[in-house]
Ligand code: 13P
C-alpha cells in the first residue's frame with residue numbers, strides 16, 4: 001500500500017523559496033513514485049500556481065490548506081474549493097487545529113467545507129486531534145471520534161477522504177505522541193470509520209505532529225499508520241528526502 005507524505009507548509013516561505021522547494025518536491029515525487037511513496041504539498045494559497053507548474057507531468061500532487069464552504073462570494077481573505085480545483089489542486093486540508101483555534105472553525109463548518117470540497121472534486125485531508133487537557137483527562141479517543149462523526153456525517157464520497165490524526169500538543173512543539181498512543185488512536189479511528197462508512201473501505205490514516213527524519217521510521221512502520229502530515233520538517237527537502245527513504249524501506253519489507 002502507498003505511503004502518503006503530505007506537506008503542510010503553513011504560512012511560510014517567500015515566493016522564490018516556494019518555487020525552489022516545489023521543484024525539489026517534483027524531483028522527489030518522481031523518484032519515489034516507483035516505490036509507492038506519494039507526495040502532496042499544501043502551500044500557502046498564493047503559491048498554488050508554482051505548485052501547479054511543478055506538478056504538471058509529474059507524480060507530485062498539491063492542495064489547499066483550507067477552503068470556504070461557498071463557491072464564490074463576499075468572503076474577504078478566503079479561498080474556495082472550487083477556486084483551488086480550477087487552479088489545478090486535487091486536495092484540500094479541512095479542520096486543521098490551527099484553523100479551528102485561530103479562525104474559530106466549528107465541526108459544522110468543517111463538515112460544510114468537506115461537502116463543498118467533494119462537490120468541487122477535491123480529496124479532503126480531515127484533521128482531528130485532542131488537546132493536552134483532553135488527553136490528560138482520558139478523553140482523547142472521545143474527542144477524536146466525536147470530531148470524525150461530526151465532520152463526516154453526510155459523506156458519500158469516502159474514497160475522497162484522508163484522515164490526519166494530529167494531537168494538538170504535538171504540533172510544532174517537538175513533542176511526538178508515543179508509538180503506542182499513535183497506534184492505539186489509529187486503531188480506534190479505523191474501527192470507528194469502518195462502522196461510520198458502513199463498508200470495508202477505511203480512508204488512509206496519517207499521523208501529524210512533529211514528524212521528522214529522526215522519528216518517521218518508527219511512526220510510519222505502525223500497522224494502522226498510512227503516512228504522515230508534516231509541518232516544520234516539510235520546509236526542508238533533506239528532511240523530506242530522509243523521511244521518504246524510511247517510507248520506501250517500509251514498503252520493501
Ligand atoms: P509540525 O510537523 O510542525 O508539528 O506540524 C504538524 C502539522 O500541523 C501538520 O498539519
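Report the relative contact order of the chain, percent, no decimals, based on alpha-carbon pairs under 8 angstrom and at least 6 residues apart. Relative CO of the chain lands at 19 percent. Computed from the alpha carbon positions, the gyration tensor of segment 1-114 leads to an equivalent ellipsoid with semi-axes of 25, 16, 13 Å, biggest first. A straight line joining the Cα centroids of segment 103-173 and segment 1-80 runs 20 Å.
Kindly put 100, 253 in sequence by how many other C-beta atoms sit within 10 Å of each C-beta, fewest to most. Intermediate results must be reported in sequence, preceding the final value.
Working: 100 19, 253 5.
Arranged by neighbour count, lowest to highest, 100, 253 become 253, 100.
Normalising the average separation of contacting C-alpha pairs (under 8 angstrom, six or more residues apart) by the number of residues puts the relative contact order of segment 5-96 at 27 percent.
Please report the base-10 log of the normalised intensity I(q)/I(0) for the chain, using a Debye sum with one equal scatterer per alpha carbon and no solvent, at each q in 0.08, 0.09, 0.13, 0.14 (1/Å). At q = 0.08, 0.09, 0.13, 0.14 Å⁻¹ the computed log10 ratios are -0.27, -0.35, -0.76, -0.90.
Within a 10 angstrom radius of the beta carbon, how do 176, 128 rank from fewest other beta carbons to most?
Numbers: 176 19, 128 26.
Result, fewest neighbours first: 176, 128.
Taking other C-beta atoms within 10 Å as the exposure proxy, 207, 25, 32 rank 32, 25, 207 from fewest upward.
Given a cut-off of 20 Å, what percent of all Cα-Cα pairs of segment 152-207 lie beyond it? If you can, show how the numbers build up before the last one.
Working: 473 of 1540 pairs.
More than 20 Å apart: 31 percent of the Cα pairs in segment 152-207.
Which parts of segment 181-199 would a label at residue 141 reach, counting a residue when its backbone N lies under 17 Å from a point 7 Å out along Cα-to-Cβ? The answer is 181-196, whose backbone nitrogens lie closer than 17 Å to the label point. For the chain, modelled as a GNM whose springs connect Cα atoms under 10 angstrom apart, the maximal fluctuation among 138, 174, 208 occurs at 138.
Quick one: Cα convex hull volume of segment 134-253, Å³ per residue?
Roughly 111 Å³ of hull volume per residue.
Counting only DSSP H runs of at least 4 residues, each contributing -39500 (n - 2.57), and dividing by the residue count of the chain, the helix-based mean residue ellipticity at 222 nm comes to -13000 deg cm²/dmol.
Where a number appears in this text, it was derived from the coordinates with a stated rule and is not lab data. These numbers come from a predicted model, not from an experiment. Every residue, glycine as well, gets a Cβ built from its backbone with ideal geometry; the counts of neighbours run over all protein chains shown.
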